[in-house]
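The values are calculated or read from the model by the stated rules, or taken from the named source; none is laboratory data. These numbers were taken from a predicted model, which means no experiment stands behind them. Quick reminder, even Gly has a Cβ in these numbers, built from the backbone with ideal geometry, and neighbours come from all protein chains shown.
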Amino acid sequence: MLIDRYLLRAQFQAFCIVFISLAGLTFVIDAFTNLEEFALHAEKTGGLAKVLGTYYGYRLISFFDATSPIISLASGMFALSWLERHNELTALLAAGVTRWRIAKPAIFFTLFVSLLAIGNREFVLPSIRFVISRNAQDLDGQTQKNFEARYDHETEMLFRGKSYQEALQRIDSPSLLMPPLLAEFGPQIDATAAVWKPETAEHPAGYLLSGVTGPPDIDSLPALKLQDKTVIYTAQNSPWLKPSECFVTSGVRFEQMIGSSNWSLYSSTINLIYAVSNPSLGVGAEVPLRVHARFVTPFLDISLVLLGIPLVLGPSRRGVFVAVGLCVLTTVMFFLTIIGFHALATSYILGPSLAAWAPLVVMAPLAAWRAQPMWE
């Protein structure tokens, strides 16, 4: 028990030092690169420290999600190398303490960090994904950005527009190209703005178009249906609509409509599964791949630690710098294997499920073989 507390304390301290050092270095470089944008925004919000604290405070959470497996391994290697450097490892082995007994705290610490990362990924990141998606040039989310056309695969409507504002969830000058089955209003619907609205008792989720200019008689036209399902609401049958307004139903949420990659990166697994089954999105291989990768990640984290720890605790004793160098090489090869299989999925050479689980099939036996001397 004393050994466990000693090693856990050493690894926790190493984890904090490495995490703060890497995050601080990354954020300092980014802050100096975008200092002018932060200063301009600080004039509106009242203080540069407040702007930097808020901006990088949220990014610290996403930084933990991205780096926790590597830092867990690095902290474990540091703690065990510290024992080796001060000859404490030799004393423990001479006292009859097995290598597995010494490595156990590092493995359980990695498992704890992995579970913490799962909670962060499933509950914290989804709640702040809109803030994280904004860069230094768009801190308030009201900068106008070019809008790229996107299909609603369920209704086959093509959403086009001039620009969008993320904070307002608004598309400026939208022009919706209608498919043949929905062309009763004409080939397209033009408006001044389209704003995303979630589902309510009056209407399903979709976009409220205001300042409709085409067709010009939109207020006198009946609602438009597709397979007995209302797709476009008009003021004639929907009194909650104002003049020159119509409502277009769509299963493509605003962050998905603007093509932001953060919606899948920072969405919960349940929402990703819903997105795969959403007929409006027509997702490719990336989203199913991410769903499977969520389940396999904890096992890969443990495999990475079992590949790295024997470099210090193995029978062949190496110097600290040699062990660290081999650990870095192992980590690079580990993540290159994962990236390679994921690239095969996004290139539609392998299926998403196979590409997500294949790295574990490769790495788990290798990790078990590398860790085998610790059981002896």
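Values as computed for the structure displayed
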item: Ser114 being free of Cβ contacts under 8 Å to residues at least 24 places away in the same chain and either within 27 Å of the chain's Cα centre (by Cα) or surrounded by 14 or more Cβ atoms within 10 Å (Cβ to Cβ) (or both); result: no
item: Hits in the range 354-376 - residues which are surrounded by fewer than 14 Cβ atoms within 10 Å (Cβ to Cβ) and either touching a Gly at 6+ places or on another chain (Cβ under 9 Å) or within 21 Å of Arg99 (Cα to Cα) (or both); result: Pro365, Ala368, Trp369, Gln372, Trp375, Glu376
item: Of residues in the range 48-69 being more than 13 Å from Ile132 (Cα to Cα) and in contact with a Leu (Cβ under 8 Å, 6 or more places away or on another chain), the one surrounded by the most Cβ atoms within 10 Å (Cβ to Cβ); result: Pro69
item: Failed criterion for Ile349 (all others in (1) within 23 Å of Thr98 (Cα to Cα); (2) not in a helix (DSSP H, G or I) hold); result: (1)
item: Selected residue (only one of Ala74, Ala91 is out of contact with any Asp or Glu (no Cβ under 8 Å at 6 or more places or on another chain) and within 16 Å of Phe15 (Cβ to Cβ)); result: Ala74
item: Failed condition for Tyr151, given (1) over 30 Å from Asp172 (Cα atoms); (2) among the aromatic types (Phe, Trp, Tyr); (3) in contact (Cβ under 8 Å) with a residue 12 or more places away in the chain; result: (1)
item: Tally, over the range 190-208, of residues that are of a type in the set (S, T, N, Q) and surrounded by 13 or more Cβ atoms within 10 Å (Cβ to Cβ); result: 1
item: Meets criteria (among the small types (Gly, Ala, Ser), outside any helix (DSSP H, G or I) and either within 19 Å of the chain's Cα centre (by Cα) or at pLDDT below 95 (or both)) for Ser316; result: yes
item: Test: residue in the range 186-201 that is assigned to a strand (DSSP E or B), acidic (Asp, Glu), assigned by TED's automatic domain parsing to the domain that holds Glu255 and in contact (Cβ under 8 Å) with a residue 12 or more places away in the chain; result: yes
item: Scan of the range 121-139 for residues that are small (Gly, Ala, Ser) and touching a residue at least 60 places away in the same chain (Cβ under 8 Å), ordered by number; result: Ser133, Ala136
item: Residue check for Val296: touching a helix residue (DSSP H, G or I) at 6+ places or on another chain (Cβ under 7 Å), farther than 30 Å from Asn87 by Cβ, touching a residue at least 40 places away in the same chain (Cβ under 8 Å) and crowded, with 17+ Cβ neighbours inside 10 Å; result: yes
item: Number of the exception - Ser303 against (1) part of a helix (DSSP H, G or I); (2) of a type in the set (Ser, Thr, Tyr); (3) on the phi > 0 side of the Ramachandran plot; result: (3)
item: Restricting the range 341-362 to residues that are in contact with a His (Cβ under 8 Å, 6 or more places away or on another chain) and not small (Gly, Ala, Ser), the residue that is farthest from Leu306 (Cα to Cα); result: Pro352
item: Output for the range 262-281, where each listed residue is farther than 24 Å from Leu208 by Cα and assigned to a loop (DSSP other than H, G, I, E, B); result: Tyr266, Ser267, Ser268, Ser277
item: Filter result for Ala323 (assigned to a helix (DSSP H, G or I), touching a Leu at 6+ places or on another chain (Cβ under 6 Å) and more than 26 Å from Leu366 (Cβ to Cβ)); result: no
item: Only one of Glu148, Glu166, Glu156 that is within 29 Å of Leu208 (Cα to Cα) and crowded, with 19+ Cβ neighbours inside 10 Å; result: Glu166
item: Boolean, Ser280 is closer than 30 Å to Glu166 by Cα, touching a strand residue (DSSP E or B) at 6+ places or on another chain (Cβ under 8 Å) and crowded, with 18+ Cβ neighbours inside 10 Å; result: yes
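Matching residues to (1) of a type outside the set (Ser, Thr, Tyr); (2) more than 30 Å from Ile338 (Cβ to Cβ); (3) exposed (fewer than 15 other Cβ atoms within 10 Å of the Cβ); (4) in contact (Cβ under 8 Å) with a residue 40 or more places away in the chain:
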{"position": "Arg5", "(1), (2), (3), (4)": "yes, yes, yes, no"}
{"position": "Phe27", "(1), (2), (3), (4)": "yes, no, no, no"}
{"position": "Glu43", "(1), (2), (3), (4)": "yes, yes, yes, no"}
{"position": "Gly46", "(1), (2), (3), (4)": "yes, yes, yes, no"}
{"position": "Ala79", "(1), (2), (3), (4)": "yes, no, no, yes"}
{"position": "Leu92", "(1), (2), (3), (4)": "yes, yes, no, yes"}
{"position": "Ile102", "(1), (2), (3), (4)": "yes, no, no, yes"}
